[in-house]
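Q: What follows is a single structure, and I will ask about it in a moment.
Coordinate-derived values only; no laboratory data. In this text the structure is predicted, and so the values were computed from the model without any measurement. Positions of Cβ are generated from backbone atoms using ideal geometry, with glycine treated the same way; all protein chains shown enter the neighbour counts.
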Amino acid sequence: MLQESKTKKKKKPPTDPHDFVHGAGFAPAPESIAIRLNKAYGLFINGRFVKASTGKTFDSVNPATEEVLAKVSQAGKADVNKAVKAARKAYDEVWGPMPGRERGKYLFRLARLIQERAREFAVIESMDGGKPIRESRDVDIPLVAAHFFYYAGWADKLDYAFPGRKARPLGVAGQVIPWNFPLLMAAWKLAPALACGNTVVLKPAETTPLTAMKLAELIQEAEIPEGVVNIIPGYGDAGAALVEHPDVDKVAFTGSTEVGKRIQGAVAGTKKKFTLELGGKAAHLIFNDAPIDQAVEGIVNGIFFNQGHVCCAGSRLFVQEGVAAEVIRKLKRRMETLVVGDPLDKNTDIGAINSAEQLERIKLLVNSGEQEGACLWQSGQRLPKKGYWYKPTLFTDTAQSHRIVQEEIFGPVLAIQTFRTVKEAITKANNTPYGLSGGVWTDKGSKIFKVTHAIRAGVIWANTFNKFDPTSPFGGYKESGVGREGGLQGLAPYVELY
Amino acid sequence: MSRVAVRKTYKLYIGGKFPRTESGRYYPLYDPEGKLLANVCQGSRKDFRNAVVAARKAQVGWSAATAYLRSQILYRIAEMLEGRAGQLRDELVSLGSTPRSAEKEVMTAVDTLVYFAGWADKYSQVFSTVNPVASSHFNFSMPEPTGVIAIFAPQETGLSGLVGAIAPVICGGNSCVTLASETRALPAITFGEILNSSDVPGGVVNLLTGSVEELLPHMSSHMDVNGVAYYGEDAQAIQVIQANAALNIRRVGIYDTVKEDPYRIMTFMETKTTWHPVGV
């Protein structure tokens with residue numbers, strides 16, 4: 001998004017940077033590409049689409065229009081059993097014994113199929129989840145393909161990944177993923193698991209199952225052996241049944257800390273390995289000597305990327321006193337220029353909130369912020385009448401004890417505090433049970449190393465924010481989770497060393 | 001008349017000091033002939049909590065120490081331990097070990113410390129990566145210590161198990177509170193004296209004696225503990241530790257025995273990834 005806004009800067013007239021407030025100055029530029037979307041999707045088990053054993057379905061809704069996009073079968077416990085059984089058989093008979101080199105070729109093939117149909121997938125992702133097409137087109141889907149491409153190459157090189165040890169697969173992985181980056185999270189889970197020789201049962205989130213079902217079609221086209229990947233959309237009960245299934249060897253979960261704790265409790269006393277990628281409340285630090293205009297872009301990218309539905313969002317902003325007034329003034333001015341609206345419009349910066357339920361949670365926490373005495377400011381965009389939307393929002397005069405500072409909002413809401421000294425900034429930054437990510441802006445190199453080292457979090461962006469790459473390990477300290485996804489470190493959760 | 005020997009009082013080791021348990025409780029340890037060896041402190045929940053405060057306070061400075069310094073301090077412990085080998089041998093024998101196995105245990109403990117001393121300035125090189133991201137950024141990942149670790153030392157061995165459980169944890173810059181073997185507690189406190197004269201900052205290693213059964217619920221549920229290492233095979237204890245770990249997503253290491261292995265260091269390390277743009 002940072003790069004996008006740079007591109008946009010070139011287009012706008014140099015004299016008045018504000019003429020596109022409310023999107024004025026941009027003609028609508030909807031992404032138009034033919035997509036293939038069925039009216040209904042079954043569960044993908046053992047290489048085939050099948051109806052749920054209960055016969056139940058649920059609607060996947062476009063949050064920008066509230067239209068039903070497709071009916072999706074809803075997995076129940078019997079379906080989980082069926083999927084795990086298929087995965088076990090595929091592990092024992094096909095995928096486990098297959099040489100790494102051959103496994104890798106299947107994954108390369110899948111990566112290519114995704115690249116070929118990337119635009120179609122981007123459109124469906126934006127329709128199903130509400131995220132701007134620019135993000136799904138330029139971030140989500142390219143990263144999906146890159147992730148499969150990266151881990152494909154590891155499949156026959158695992159002997160080089162763990163010094164002094166050999167690695168073998170664990171067996172069947174049960175994976176539960178969230179709705180904020182639906183296909184990307186599927187890729188983060190599937191690619192390393194498959195590369196290491198495990199088979200998978202994946203449960204997508206109930207509000208965003210469509211790209212996962214489209215991925216199942218590609219898995220068929222890639223002729224990946226049946227049962228190696230099983231995709232079973234459903235609700236929390238299906239996720240719980242998968243996690244607790246006795247024949248699952250490995251659990252991987254991305255979602256809230258609350259559910260993560262339940263999962264860690266559920267696998268206690270079993271031999272299951274698990275990785276958890278949970279909530280966050282990232283501190284984003286702006287020092288007096290920061291490049292202010294770039295930092296403002298970084299703040300915007302940090303909290304408004306994907307409507308703030310990002311576990312590593314820079315939701316707590318700490319600005320050093322010397323530049324606080326300037327940063328907040330420029331930030332407000334920039335927020336006024338954000339285009340909120342049609343996710344399929346290529347000009348859109350902020351799309352739809354993922355669901356009515358999530359919108360309610362954002363409103364609830366914003367209300368608590370006002371009640372607790374923080375000062376609310378929202379930009380002046382008009383919001384579309386239909387669908388779920390929320391204005392870019394910031395709070396000043398916030399305290400460490402405020403709920404909007406302590407709790408993950410998962411929406412476009414920024415809580416701003418100021419600080420005087422480096423020590424104070426670090427203390428405040430670490431004053432949270434979370435530890436997923438953090439950000440630092442300063443032009444002084446030695447300060448970057450001092451501060452990035454002191455922040456207790458798994459990913460730190462210095463003079464940038466919200467960057468992702470398949471080669472780069474991602475994951476949290478403290479209550480933000482266990483284990484890493486991405487990079488060489490992302491292999492470890494899917495193997496047993498001997 | 002022959003000289004009357006001066007016996008030692010065995011106390012706890014918390015924050016670099018040797019307090020008695022705040023609870024005033026004790027349990028006796030006898031030699032194979034039934035002679036009283038010591039009234040050992042029956043450490044309490046409160047002792048554990050005090051030790052966690054000391055460990056938390058010490059952890060920041062310990063992890064900020066250079067890898068070279070941590071390496072030298074671990075080696076220094078080995079030197080001190082070698083120097084007190086005779087005393088530890090005697091203690092192990094008094095607790096029922098044969099002289100030969102006592103000798104072996106002390107030497108193993110010394111060698112384990114030397115082994116991990118050597119790792120302190122190397123694991124970071126072996127387990128770090130520079131990541132070739134497809135954008136104009138410099139991106140690297142390296143291990144950092146998890147924080148304060150509660151350790152249930154192996155029960156069967158009084159010294160080599162204790163040392164083998166502690167060494168990988170502090171090697172990576174963590175601090176720890178360690179519950180010694182209940183029945184073989186004497187060498188643990190003597191090891192505390194060795195630590196106290198080895199330049200290990202007070203609070204980095206805290207040693208408790210007492211009952212696993214009594215302390216397990218507390219040591220596994222303290223909210224300022226970031227990780228738990230358990231040496232043993234009691235399925236119920238393991239279940240409690242793993243279930244309580246969910247309270248704050250605590251890291252857990254379950255092992256049968258100690259082992260010279262750099263992956264034991266990594267159990268209580270976090271990977272931090274840092275990004276910075278490349279440009280002018």
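Q: Taking segment B:42-277, how much of its Cα-Cα pair set, in percent, is spaced more than 28 angstrom apart?
A: Of the Cα pairs, 29 percent sit more than 28 Å apart.
Q: Given R₀ = 56 Å, FRET efficiency for A:D156-B:V6 by Cβ-Cβ distance, to 0.05?
A: 0.25
Q: Given a 10 angstrom Cα cut-off, can you work out which residue in B:A134, B:A180, B:A54 is the most mobile in a GNM of chain B?
A: So, out of B:A134, B:A180, B:A54, the one fluctuating most is B:A134.
Q: Tell me which residues come under 5 Å, amide H to amide H, from B:A246 once H is placed; ignore anything under 5 positions away on its chain.
A: Answer set, sorted by chain and number: none.
Q: What residues have an amide H closer than 5 Å to that of A:F474, excluding those fewer than 5 places away on the same chain, when H is modeled at 1.01 Å from N in the peptide plane?
A: For A:F474, whose amide H was placed from the backbone, the distant partners under 5 Å are A:E485, A:G486.
Q: Follow-up question, since we're still on this one. Using a basic spin-label model with each label point 7 Å from the Cα along Cα→Cβ, how many nm lie between A:V422 and B:Q239?
A: Going from the A:V422 label point to the B:Q239 one covers 5.1 nm.
Q: Among A:Y235, B:Y115, what is the fewest-to-most ranking by other Cβ atoms within 10 Å?
A: A:Y235, B:Y115
Q: For the pair A:K166 and A:A40, what calculated FRET efficiency results from E = 1/(1 + (r/R0)^6), where r is the Cβ-Cβ distance and R0 = 35 Å, to the nearest 0.05?
A: 0.20
Q: Over segment B:42-277, what relative contact order in percent results from Cα pairs under 8 Å that are six or more residues apart?
A: Relative contact order for segment B:42-277 comes out at 27 percent.
Q: What is the magnitude of the charge dipole of segment A:384-428 about its Cα centre, with +1 placed on the Cβ of each Lys and Arg, -1 on the Cβ of each Asp and Glu, and no other charges, expressed in debye to the nearest 20?
A: Roughly 200 debye for segment A:384-428.
Q: Amide H of A:Q417 versus every other amide H placed in the peptide plane: which residues, excluding those fewer than 5 positions away on the same chain, fall under 5 Å?
A: Hits under the 5 Å cutoff: A:L317, A:F318, A:V319.
Q: So for each of A:61-67, A:34-40 I average, over its residues, the number of other beta carbons within 10 Å; can you give me the resulting order with the highest mean first?
A: A:61-67, A:34-40
Q: Please compute the modelled spin-label separation between A:K71 and A:R329, points set 7 Å along Cα→Cβ, answer in nm with one decimal.
A: Placing both labels 7 Å along Cα→Cβ, they lie 5.9 nm apart.
Q: Along the charge dipole of segment A:301-407, which of A:T398, A:P384, A:G373 sits closest to the positive end, that is, farthest toward it, with unit charges on the beta carbon of Lys, Arg, Asp and Glu (+1, +1, -1, -1)?
A: Going by the charge dipole, the pick is A:P384.
Q: If you don't mind, there's one more thing I want to ask. If you take every DSSP beta bridge fully contained in the protein assembly as shown, what fraction is antiparallel? Give it as a percent rounded to 5.
A: 40 percent
Q: Over all residues in A:451-463, what is the mean tally of Cβ atoms on other chains that come within 10 Å of each residue's Cβ?
A: That works out to 5 on average.
Q: Moving on to the next point. What whole-number volume per residue, in cubic angstrom, does the convex hull of the C-alpha atoms of segment B:109-199 give?
A: Measuring per residue, one finds 112 Å³ for the Cα hull of segment B:109-199.
Q: Also, I was wondering about something else. Which semi-axis lengths, in whole Å and largest first, follow from the square roots of five times the eigenvalues of the Cα gyration tensor of the protein assembly as shown?
A: Whole-Å semi-axes of the equivalent ellipsoid: 50, 31, 22.
Q: Calculate the dipole size of the protein assembly as shown relative to its Cα centre from +1 charges on Lys and Arg beta carbons and -1 charges on Asp and Glu beta carbons; express the result in debye to the nearest 20.
A: In total the dipole reaches around 600 debye.
Q: Quick one: Karplus J couplings for segment B:58-67, per residue in order, coefficients 6.51, -1.76, 1.60, θ = phi - 60°, nearest Hz, x for Gly and Pro?
A: Ordered by residue, 3J(HN,Hα) equals 7, 5, 4, x, 5, 6, 7, 4, 5, 4 Hz.
Q: Between B:E213 and B:F140, what is the FRET efficiency for a Förster distance of 45 Å, r being their Cβ-Cβ separation, to the nearest 0.05?
A: Once rounded, the FRET efficiency stands at 0.50.
Q: Could you give the size of the charge dipole of segment B:42-277 about its Cα centre, using +1 on the Cβ of each K and R and -1 on the Cβ of each D and E, expressed in debye and rounded to the nearest 20?
A: 600 debye
Q: Within a 10 angstrom radius of each residue's Cβ in B:136-149, how many Cβ atoms of other chains show up on average? Whole number is fine.
A: So the per-residue partner count for this stretch is 3.
Q: Is there a simple number for the mean count of other chain Cβ atoms within 10 Å of the Cβ of residues in A:474-481, and what is it?
A: The shielding value for this peptide is 4.
Q: Continuing with this model, one more query. Under the 0.36 nm per residue contour assumption, what length would be gained going from the current alpha-carbon distance of A:T54 and A:K105 to full extension?
A: So the chain would gain 14.7 nm between A:T54 and A:K105.
Q: Over segment B:42-277, what is the percentage of antiparallel beta bridges among all DSSP beta bridges, to the nearest 5?
A: Here the antiparallel bridges make up roughly 40 percent for segment B:42-277.
Q: For segment B:163-169, what does the Karplus curve 6.51 cos²θ - 1.76 cosθ + 1.60, with θ = phi - 60°, yield as ³J(HN,Hα) per residue in whole Hz, taken in order and with x for Gly and Pro?
A: Rounded to whole hertz, the list is 5, x, 7, 7, 4, x, 5.
Q: OK, next. Suppose each label sits 7 Å from its Cα in the direction of the beta carbon; what would the A:F449-A:A27 distance come out to in nanometres?
A: 5.3 nm
Q: Here's a follow-up. Could you derive backbone 3J(HN,Hα) for segment B:27-41 from the dihedral phi with the Karplus parameters 6.51, -1.76 and 1.60 (θ = phi - 60°), listing whole Hz in sequence and x where the residue is Gly or Pro?
A: Along segment B:27-41, the couplings run 9, x, 10, 10, 7, x, 8, x, 7, 5, 8, 6, 9, 8, 4 Hz.
Q: Between segment B:243-279 and segment A:478-498, what's the alpha-carbon centroid distance in Å?
A: Each part reduced to its Cα centre gives a spacing of 9 Å.
Q: For chain A, calculate the relative contact order in percent as a whole number, restricting contacts to Cα pairs under 8 Å that are 6 or more residues apart.
A: Worked out over chain A, it gives 18 percent.
Q: Follow-up. Just the ratio, please: alpha-carbon radius of gyration of segment A:297-410 over 2.2 N^0.38 Å, N its number of residues.
A: In units of the globular-protein estimate, segment A:297-410 measures up at 1.04.
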